[in-house]
Amino acid sequence: MRSSSRRISLIGVFLVLVLLATAGIAGAHDGPVPTADGEVIAAGFNGPQGLLVDGDGNVWVIDSGLGGETDIKWISGETGEEVDAKLGDSAQVARINAADYSVEMIAALPSVNLGMEAVGGARLALLDGVLYATSGQGIGAPDSAIPDNFGAVVSIGADGALAMVASTWEFEVANNPHPSVLDSHPYGLEAGPDGMLYVADAGGNDLLKVDPATGEVSLVAVFDPLPGVFPRPDYGGEMLTDPVPTDVIFDGEGNAYVSFLSGAPFVPGSAKVVMIAPDGTVSDYATGLTMLTDLAWGPDGSLYGVQFGIFGEQGPEPNSGAVVHIKGGAEFDVAIEGLSFPISLDFNEAGDAYVAINAVGPPGSGAVVAFHGLAPGEMMAEAAPVPAMAAPAPEMLPVTGADLSQSSPVWPAWVFVVMTGVVVGGFVLYRRRMA
C-alpha cells in the first residue's frame with residue numbers, strides 16, 4: 001500500500017487493491033457476469049471506465065487498455081518509486097450502435113501498464129458536436145516524463161485522430177491546489193452549461209474547468225479530506241483520507257454535483273456526493289454511500305449513481321456493485337444490485353440504463369449491460385432538478401467493426417491470494433488495535 005504520506009488517487013489504490021483481492025472473482029468466469037434482468041450488449045473491453053449515450057441512442061465506451069510494447073519509466077502510485085512500465089496505444093474508444101448493438105472501433109488512446117494495473121482512457125463528453133475524453137495520469141516530479149496526450153483532456157476527430165485540448169498535469173505542476181505529491185488523474189468529464197468542460201481530477205482531489213477553445217485550465221473547487229481509519233502525515237497525523245472525485249454532472253440551475261469514491265480502505269458508507277453552487281459554495285448533497293464511481297440523470301428526473309462494490313474486512317464482496325437512486329441527504333434506493341465491478345452509467349431517452357461492468361478483471365472481461373426501462377421519462381417528478389439535454393451524436397467517418405479483446409497474460413491466482421491476505425490482514429489487525 002502507498003505510504004500514508006502520499007496522496008491516494010483512483011489509480012493508486014482503488015484499482016490495485018481491488019485487483020489484488022479478486023483472484024476468485026476474476027478467475028471464476030471467462031467473460032462478463034450476466035446480471036438478473038440485464039442484457040449484455042457488448043463485451044471484450046479491457047478495463048472499461050466510461051460510458052456515454054449520444055442523442056441517437058448510440059453507446060460510447062472508453063477503456064483503460066493494456067499498455068503496449070514500449071518500455072518506459074513510471075512512478076508507482078503505491079510506493080512513489082520509479083518502476084518499469086509498458087506504453088502503447090491500446091486504450092480504446094468504441095461505439096455500440098443503437099440499432100443492432102454492433103461495435104465499431106473509433107479511436108485508440110495511450111495506455112500505461114505497470115504489471116497489475118493499467119491507466120489509459122477514463123471518460124467521454126460531447127460538446128458542440130465534438131467528442132472529448134480524459135486520458136491518462138500525470139504523477140511524480142515536475143520534470144517527470146509524461147507520455148503525449150496523458151494527464152490530459154483530448155479531442156477525438158472524425159478520423160479518430162487525437163488532439164491535445166488541455167494538460168491537467170501541467171496545471172497540477174504549476175499550482176498543486178491540494179498540496180501533497182504532484183498527481184493529476186483527470187477522470188470525470190462533463191460539458192457544462194457555460195460551454196466549458198469540467199474535469200473531476202481523482203489524483204488532484206479537485207474540480208477543474210477547461211476552455212475547449214483555448215486549453216486554459218482553471219480551478220473550480222478543492223475538496224476537503226474525508227474521515228479515515230489511518231493517520232495521515234500529510235493531514236497532520238489526523239485520521240483522514242482523500243475524497244477521490246470521480247464524476248461531475250450539472251442540473252438545469254447550473255449546480256455541479258461531484259461523486260467521491262473515498263480513499264482506501266473504502267469503508268462502506270464513507271462516500272458521498274457534494275454540490276457546487278454557481279457561486280462556488282461546496283455542500284454535501286448525499287451521504288452514506290459507498291465507492292461511488294459515476295453519476296447520471298435519468299429521464300425520470302432522478303439522480304443515479306454507481307457503487308463499485310462493498311470492500312469489507314475480508315476484501316471485496318463478489319458481485320456487490322450496484323446502481324443506486326440518490327434522493328439527497330442519507331436517502332437512496334438500490335435500483336440494480338448484484339453487479340460485477342460496475343464503474344459507469346448512462347441513459348437513453350427511453351430510460352434504458354447502460355452499465356459498464358468488470359472494470360477490473362481478466363483482459364477482455366469488460367462488458368456493457370442494458371437494463372431496459374429503468375427510469376422512463378413519464379415518471380418525471382416535478383420537484384426534481386432538470387438535467388441537461390443529451391448531446392447530439394458527433395459526425396464520424398465510416399468505421400468497421402473491431403475485435404476489442406487483447407491478448408495479455410492473466411496474473412497467477414496465488415499472487416492475488418497472497419497480496420489479499422497481506423492487505424486485508426493488516427487492515428483487520430489495525431482495526432482491532434484501534435478498538
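The values are calculated or read from the model by the stated rules, or taken from the named source; none is laboratory data. The model shown is predicted, which means the values in this text are computed figures rather than measured ones. We place every Cβ from the backbone using ideal geometry, glycine too, and count neighbours over all the protein chains shown.
Looking for whichever is modelled with pLDDT under 95 and more than 29 Å from G57 (Cα to Cα) here; the options are V267, V282. Which one fits?
V267
Has the range 309-328 got any residue that is without any contact (Cβ under 8 Å) to a residue 60 or more places away in the chain, in contact with an Asp or Glu (Cβ under 9 Å, 6 or more places away or on another chain) and of a type in the set (D, E, K, R)?
Yes: one or more hits.
Within the range 297-310, is even one residue surrounded by fewer than 16 Cβ atoms within 10 Å (Cβ to Cβ) and of a type outside the set (S, T, N, Q)?
no
When the range 251-274 is examined, which residues are found to be closer than 19 Å to H325 by Cβ, in contact with a Gly (Cβ under 9 Å, 6 or more places away or on another chain) and not β-branched (V, I, T)?
Those that are closer than 19 Å to H325 by Cβ, in contact with a Gly (Cβ under 9 Å, 6 or more places away or on another chain) and not β-branched (V, I, T): S259, P268, G269, A271, K272.
Anything in the range 311-358 that is within 25 Å of G377 (Cα to Cα) and of a type in the set (D, E, K, R)? List them, or say none.
Those that are within 25 Å of G377 (Cα to Cα) and of a type in the set (D, E, K, R): K327, E331, D333, E337, D346, E349, D352.
Go through (1) at pLDDT below 95; (2) farther than 24 Å from V93 by Cβ and name the single condition D159 misses.
All conditions are met except number (2).
Would you confirm whether any residue within the range 113-121 is polar (S, T, N, Q), at pLDDT 95 or above and closer than 28 Å to I249 by Cα?
no
Please pick out the residue among G305, G301, G269 that is of a type outside the set (K, R) and in contact with a helix residue (DSSP H, G or I) (Cβ under 9 Å, 6 or more places away or on another chain).
After ruling out the rest, the residue left standing is G301.
Return only the number of the condition from (1) surrounded by fewer than 17 Cβ atoms within 10 Å (Cβ to Cβ); (2) within 22 Å of G204 (Cα to Cα); (3) touching a residue at least 40 places away in the same chain (Cβ under 8 Å); (4) of a type outside the set (K, R) that P110 does not satisfy.
Unmet for P110, out of (1) surrounded by fewer than 17 Cβ atoms within 10 Å (Cβ to Cβ); (2) within 22 Å of G204 (Cα to Cα); (3) touching a residue at least 40 places away in the same chain (Cβ under 8 Å); (4) of a type outside the set (K, R): (1).
This table checks each residue for (1) in a loop (DSSP other than H, G, I, E, B); (2) in contact (Cβ under 8 Å) with a residue 24 or more places away in the chain; (3) surrounded by fewer than 16 Cβ atoms within 10 Å (Cβ to Cβ).
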| position | (1), (2), (3) |
| --- | --- |
| L124 | no, yes, no |
| N149 | yes, yes, no |
| A163 | no, no, yes |
| V173 | no, yes, no |
| E190 | no, yes, no |
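Exactly one of (1) over 23 Å from E117 (Cα atoms); (2) of a type in the set (D, E); (3) at pLDDT below 95 is unmet by E313. Its number?
(1)
Answer yes or no as to whether N319 is within 26 Å of A125 (Cβ to Cβ) and of a type in the set (S, T, N, Q).
no
When the residues of the range 206-230 are filtered to those that are surrounded by fewer than 16 Cβ atoms within 10 Å (Cβ to Cβ) and of a type outside the set (A, V, I, L, M), which remaining residue is farthest from V282 (Cα to Cα)?
T214
Identify, by number, the condition in (1) at pLDDT below 95; (2) over 19 Å from P362 (Cβ atoms) that E69 doesn't meet.
(1)
I need the full set of residues from the range 151-161 which are surrounded by 22 or more Cβ atoms within 10 Å (Cβ to Cβ), in contact (Cβ under 8 Å) with a residue 40 or more places away in the chain and either in contact with a Gly (Cβ under 6 Å, 6 or more places away or on another chain) or not hydrophobic (A, V, I, L, M, F, W, C) (or both), in order please.
None - no residue of the range 151-161 is surrounded by 22 or more Cβ atoms within 10 Å (Cβ to Cβ), in contact (Cβ under 8 Å) with a residue 40 or more places away in the chain and either in contact with a Gly (Cβ under 6 Å, 6 or more places away or on another chain) or not hydrophobic (A, V, I, L, M, F, W, C) (or both), so the list stays empty.
Taking G203 as the residue in question, decide whether it is assigned to a strand (DSSP E or B) and buried (at least 23 other Cβ atoms within 10 Å of the Cβ).
No.
May I ask you to verify whether D71 is acidic (D, E), part of a strand (DSSP E or B), touching a Phe, Trp or Tyr at 6+ places or on another chain (Cβ under 8 Å) and more than 17 Å from D159 (Cα to Cα)?
It is false that D71 is acidic (D, E), part of a strand (DSSP E or B), touching a Phe, Trp or Tyr at 6+ places or on another chain (Cβ under 8 Å) and more than 17 Å from D159 (Cα to Cα).
Check the range 257-275 and report whether any residue there is more than 20 Å from L207 (Cβ to Cβ) and surrounded by fewer than 17 Cβ atoms within 10 Å (Cβ to Cβ).
yes
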